[in-house]
Amino acid sequence: MKAPLPYPVLAGALFALTLLLVAASMLIGPAGLGLPALMQLMASGQADTVWTIVREVRLPRTILAVAVGFTLGLAGAMLQGFLRNPLADAGVIGISAMSALGAVLALYSGLALVFPFSLPLMAIAGGLAGAIVLQGLAGRSGMLSLILAGAAITSLAFALIQVQLNLSPNPYAALEIVFWIQGSVTDRSTDHVLLAVPFMVLGWIVLAASAPALDALSLGEEAAASLGVDIKRTRMMVIAGVALSVGAATAVSGVIGFVGLVVPHILRPFVGHKPSRLLLVSGLGGAVLLTASDIGVRLLTTDTELHLGVVTALIGAPFFLSMILRVRGAYQR
């Protein structure tokens, strides 16, 4: 096991790495619009064009990559600590899929065109419904019940999304639905930032307020209750915080899975096994992973840009399978 690092050192290093990636994201782009092309435009007196590219295209995309990554990393660490389950993640247990279903309903019905805020609101409502259904199906059962309940919720949500995709009379709406299934921050604007980031920040605040109870809950619900933790209030805050933040993130980026599963497991050995200490660094780690992945898909020389959800799935699925094998091995000993 790795020795825990001084917490300020780890958090500071991740924050500095996030800033470096933000700077790189603002300067790197596809289609000949990378740093050399920007410098050439500046030298030729076209500074306004450079500023427009950076402000209108790359800045919103970078902000959303950081915010969505932070949200997914934070939510994953919170769910793993609260459920005391190393396989808990908003994507694995169905919350992201239900948030996507809510967003797709807003698109399919046309409500998002009439009332733009319906998109994040319905995504948040979908995430909240998913969390409540998950709690009802899995209850206090073990790891297997949680995974099976999450798989059932995810399958149902994607089945309903496919129904809307098949029935959609508008090909543009169908393409938008496909975007939500694959996950990306491409072609996002300042309007998307203003639409979703306030809800994400509100979710972060709610989750931060419930963090002190995580350490007591690691001893079990009965022990936590004896220490004065209000279990019902904590559960409501965790569900509300995850639904708010993940729902808002999904409303603008679609389903991006495995970030909340992979990042806490990578960072946990560096902070020890105190759940509350993992939250901030997991959020920063998620921001690093998603921003780096978004830069990577821009650097790939392909005709069609790879979606972020595909990249994180390629990274996370083998990691998830290896975790299941390790857990199975531990039970067989």
3J(HN,Hα) from dihedral phi, region 205-217, Karplus parametrisation 6.51/-1.76/1.60, rounded to Hz, x for glycine, proline: 5, 4, 5, 5, 5, 8, 4, x, 6, 4, 5, 5, 5
Rounded Å value of the spacing that divides the Cα centres of region 161-238 and region 262-307: 17
Between helix 275-299 and the chain: long-axis angle, C-alpha atoms, 0 to 90°, nearest 10: 30
Heavy-atom accessible area order for LYS232, LYS274, largest first, 1.4 Å probe: LYS232, LYS274
Residue-averaged [θ]222 nm for the chain, counting only DSSP H segments that reach four residues, each worth -39500 (n - 2.57): -25500 deg cm²/dmol
Residue-normalised accessible area of the chain, expressed per residue, 1.4 Å probe, Å²: 46
Computed accessible area, ILE63, all protein chains, 1.4 angstrom probe, square angstrom: 70
Principal-axis tilt of helix 259-271 within the chain, Cα atoms, nearest 10 degrees: 60
Directionally averaged shadow of the chain, computed from the convex hull of its alpha-carbon atoms, nm²: 18.5
By average C-beta atoms within 10 angstrom, highest first, the peptides 251-259, 286-294: 251-259, 286-294
Within-14-Å neighbourhood charge of ALA103 [Cβ basis; K, R +1; D, E -1]: 0
Crossing angle, helix 59-83 versus the chain [Cα axis fit, 0-90 degrees, rounded to tens]: 10
Rounded to whole Hz, the Karplus (6.51, -1.76, 1.60) HN-Hα couplings of region 121-129, x for glycine and proline: 5, 6, 5, 5, 4, x, x, 5, 4
Share of carbon and sulfur in the accessible heavy-atom surface of region 205-288 [1.4 Å probe, %]: 66
Other-chain or far-sequence residues with amide H under 5 Å of VAL92's (modelled H): PHE258
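The values are calculated or read from the model by the stated rules, or taken from the named source; none is laboratory data. Please read these numbers as outputs of a predicted model, since none were measured by experiment. Heads up, the Cβs are rebuilt from the backbone with ideal geometry, glycines too, and the neighbour counts pull from every protein chain shown. With ligands, DNA and RNA removed, areas are computed over all heavy atoms of the protein, side chains included. Shrake-Rupley method; radii C 1.70, N 1.55, O 1.52, S 1.80 Å.
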